[in-house]
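Every number here is computed from the coordinates shown, using simple stated rules; none is lab data. Fair warning: this is a prediction, and the values are worked out from it, not measured in the lab. Positions of Cβ are generated from backbone atoms using ideal geometry, with glycine treated the same way; all protein chains shown enter the neighbour counts.
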Ligand code: FAD
């Protein structure tokens, strides 16, 4: 018996939450009295042995043409095969954009229970029980599963990565090669040089108060001076003012940056569900009664079209 963790990477680099996932796996393995093994899939430019510093004993690397692009079914089949070969009855996956697509496919291919929306380390090893977030994080429940195999899909930023100073061996594996053919996907243009939203430490977000897509220049300029990613409210992406990948909230991405600046966003409960865990929230809104101010650490009551350019100028002066 062992615990397997999928060590997610993007364009050859580990993701922000990869070491959190490793820590989650190491602590779960320790509760279960077993070892934690990492699995990297696809081309990797970083040293996978770093996972040892987060409590993993071994890291397996799976490379090949089939894994150059993320495909939930291909990755799921490969992880299921590696899990069987390593006698892993618990597989840890972070609920990132790809992780959320991967976990259900993996659960079917591995014939394992899927424990989703997990927000803390397991409560109990036997029977295995985990704490889950419900109602957009407003409440919790404890889910107990007596399934022989399980996939734990845990919400990023739920625990802090913990360096242990250990080391991990790194081995190649060929499990899962070619068991499922990837589905051909159309390449889409990505805006180069932009910070991916889930990775961003700072996020500038715009809402319907910005009136139209032509006004996003000032949001991007502020994001640039602050080295920040950009986000938006749901109506903004529904109206195609911004791409859906920027939509945050209950039905969009949940983020937890150090700084979240909300410009012209009212602060509806569905929006707050995805951003209220941010460390510092700054709200810029012309309506002093906007509900977002109740969740803000700092608030500016004013017209975004005056406040944002001035703020950008001041930050530029400060940085000069
Ligand atoms: P509005 O509510 O129209 O607010 C615009 C704000 O801009 C106002 O507060 C106004 O005072 C301010 N403003 C206007 N002009 C200016 C100016 N010149 N300067 C400064 N401020 C100005 N929403 C999400 O965002 N994410 C979700 O995931 C999401 N999921 C949903 C799921 C469900 C099932 C439902 C029913 C709704 C969901 N919504 C979600 C929608 C949500 O309820 C709100 O309608 C939405 O968040 C409002 O977006 P907004 O704040 O940009 O727009």
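For a footprinting-style exposure proxy, rank 278, 136, 9 by other Cβ within 10 Å, fewest first.
136, 9, 278
Find how much the distance from residue 287 to residue 148 grows on full extension, using 0.36 nm per residue of separation minus their present alpha carbon separation; answer in nm with one decimal.
Numbers: separation 139, 0.36 × 139 = 50.04 nm, distance 5.42 nm.
Answer, rounded to one decimal: 44.6 nm.
As a test, work out the antiparallel percent of DSSP beta bridges whose residues both lie in the chain, rounded to the nearest 5.
Numbers: 11 of 59 bridges.
In the chain, DSSP labels about 20 percent of beta bridges as antiparallel.
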> Helix 72-85 sits at what angle to the longest principal axis of the chain, using alpha carbons and giving 0 to 90 degrees rounded to 10?
Replying inline: 40
>> For a quick size check, give me the Cα extents of the chain along its three principal axes, largest first, whole Å.
In response: 60, 40, 37
>> With the crude spin-label approximation of a point 7 Å out along Cα→Cβ, what separation in nm comes out for residue 113 versus residue 140?
In response: 1.9
>> If you fit an axis through the alpha-carbon atoms of helix 97-109 and take the longest principal axis of the Cα set of the chain, what angle between them do you get, 0 to 90°, nearest 10?
In response: 30
> Is it possible to state the helix-based mean residue ellipticity at 222 nm for the chain, with each DSSP H run of 4+ residues giving -39500 (n - 2.57), the sum divided by total residues, to the nearest 500 deg cm²/dmol? What is it?
Replying inline: -7500 deg cm²/dmol
> Roughly what angle does helix 18-32 make with the longest principal axis of the chain, taking Cα atoms, 0 to 90 degrees, to the nearest 10?
Replying inline: 40
> On full extension of the chain, what length is gained from residue 11 through residue 124, given 0.36 nm per residue of separation minus the C-alpha to C-alpha distance?
Replying inline: 37.1 nm
>> With the crude spin-label approximation of a point 7 Å out along Cα→Cβ, what separation in nm comes out for residue 87 versus residue 244?
In response: 4.4
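Give me the percent of DSSP beta bridges within segment 1-146 that run antiparallel, rounded to the nearest 5. Mind dumping the intermediate values first?
Values: 11 of 26 bridges.
Here the antiparallel bridges make up roughly 40 percent for segment 1-146.
How much length is gained on full extension from residue 45 to residue 162, taking 0.36 nm per residue of separation minus their Cα-Cα distance? All intermediate terms of the calculation are to be shown ahead of the outcome.
Values: separation 117, 0.36 × 117 = 42.12 nm, distance 2.25 nm.
Between residue 45 and residue 162, full extension yields 39.9 nm more.
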> Points 7 angstrom from Cα along the Cβ direction at residue 270 and residue 63: gap in nanometres?
Replying inline: 4.5
